[in-house]
Amino acid sequence: MKHIIIFSLLALTGCYIAPSKKSSTFELQAQTLNVVLSGGGYVVGYPEIARMTLRLQFGDGSPLNADGQFLLESKKVRTTLKSIKKVGSSKRVAWKRNEVFSDSPRVAFAANPMDFTKLKNDPKTGCSRFQGKIWVSYPSKSRTTLIPGILEVEEGTFKELENRGKMKPYEAIYNLTSCDL
């Protein structure tokens, strides 16, 4: 079933030419598939990863500064932030493949892996400010499950676009505040 959906998506966008071919047709087809998958991300509830993906294609490679409050949906992120005691200290959060859907897939897809730094403590309010940073780039070989048992995407196709300069990797910087860790 999953392969049928992958092939259907590929057929929908016409993306069936091997990435090794140096053709502009491949580039257009892979870029179209990237846009289709990004749109699907918005529809199924992954707006951050959809924006990150589109920015790879249409951005200029400059850093993205964004609100990171959505990251607190993840128990793993909250636990990690709680463990950062000193201002200026950092910790990394990462999910194994089998953990993505047991926590918050929305956060895991957008923040895997992400380095968090405590920026400020406010003893009066009990709030802390954090910054999370992630390098946004496609891996050269990775199959990502978007819908378990139904939809997988080979991300190496999009890495080839980065290698050709058609997608521009960048750093995403998420700022968030937590008052009840």
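Screening the range 157-169 for residues that are more than 24 Å from residue 97 (Cβ to Cβ) and surrounded by 14 or more Cβ atoms within 10 Å (Cβ to Cβ) and picking the one that is farthest from the chain's Cα centre (by Cα) gives 164. Summed over the range 84-109, residues that are over 19 Å from residue 173 (Cα atoms) and of a type in the set (Phe, Trp, Tyr) total 1.
Among the residues making up the range 62-94, those that are touching an Asp or Glu at 6+ places or on another chain (Cβ under 7 Å) and either more than 15 Å from residue 111 (Cβ to Cβ) or assigned to a strand (DSSP E or B) (or both) are 63, 90, 92. Kindly indicate whether residue 130 is crowded, with 18+ Cβ neighbours inside 10 Å and at pLDDT below 85. Here the answer is no, as residue 130 does not meet what is asked.
Filtering the range 94-107 to residues that are farther than 16 Å from residue 67 by Cα, under 13 Å from the mean Cα position of the chain (by Cα) and at pLDDT 85 or above leaves 94, 95, 104, 105.
Which residues, taken from the range 81-97, are free of Cβ contacts under 8 Å to residues at least 40 places away in the same chain and surrounded by fewer than 20 Cβ atoms within 10 Å (Cβ to Cβ)? If the condition is that a residue be free of Cβ contacts under 8 Å to residues at least 40 places away in the same chain and surrounded by fewer than 20 Cβ atoms within 10 Å (Cβ to Cβ), then 83, 85, 86, 87, 88, 89, 90, 91, 92, 94, 96 are the ones that fit. With respect to the conditions (1) free of Cβ contacts under 8 Å to residues at least 40 places away in the same chain; (2) assigned to a helix (DSSP H, G or I), residue 162 falls short on a single one, namely (1).
When the range 107-141 is examined, which residues are found to be part of a loop (DSSP other than H, G, I, E, B) and in contact (Cβ under 8 Å) with a residue 60 or more places away in the chain?
Matches in the range 107-141: 111, 137, 138.
Of all the residues in the range 41-61, those that are surrounded by fewer than 16 Cβ atoms within 10 Å (Cβ to Cβ) and assigned to a helix (DSSP H, G or I) number 4. Being in contact with a Leu (Cβ under 8 Å, 6 or more places away or on another chain), surrounded by 14 or more Cβ atoms within 10 Å (Cβ to Cβ) and among the β-branched types (Val, Ile, Thr): is that true of residue 100 here? For residue 100, the condition - in contact with a Leu (Cβ under 8 Å, 6 or more places away or on another chain), surrounded by 14 or more Cβ atoms within 10 Å (Cβ to Cβ) and among the β-branched types (Val, Ile, Thr) - is not met. The combined condition, being in a helix (DSSP H, G or I), among the charged types (D, E, K, R) and closer than 22 Å to residue 40 by Cα, is not fulfilled by residue 152.
Any chance the range 136-156 includes a residue that's buried (at least 16 other Cβ atoms within 10 Å of the Cβ), over 14 Å from the mean Cα position of the chain (by Cα) and under 18 Å from residue 67 (Cα atoms)? No, every residue in the range 136-156 fails to be buried (at least 16 other Cβ atoms within 10 Å of the Cβ), over 14 Å from the mean Cα position of the chain (by Cα) and under 18 Å from residue 67 (Cα atoms).
Per the conditions (1) free of Cβ contacts under 8 Å to residues at least 60 places away in the same chain; (2) within 24 Å of residue 149 (Cα to Cα), the sole criterion not satisfied by residue 37 is (1).
The values are calculated or read from the model by the stated rules, or taken from the named source; none is laboratory data. Worth saying up front: this structure is predicted, and the values here are computed from it rather than measured. No Cβ is skipped: glycine too gets one built from the backbone with ideal geometry, and neighbour counts run over all protein chains shown.
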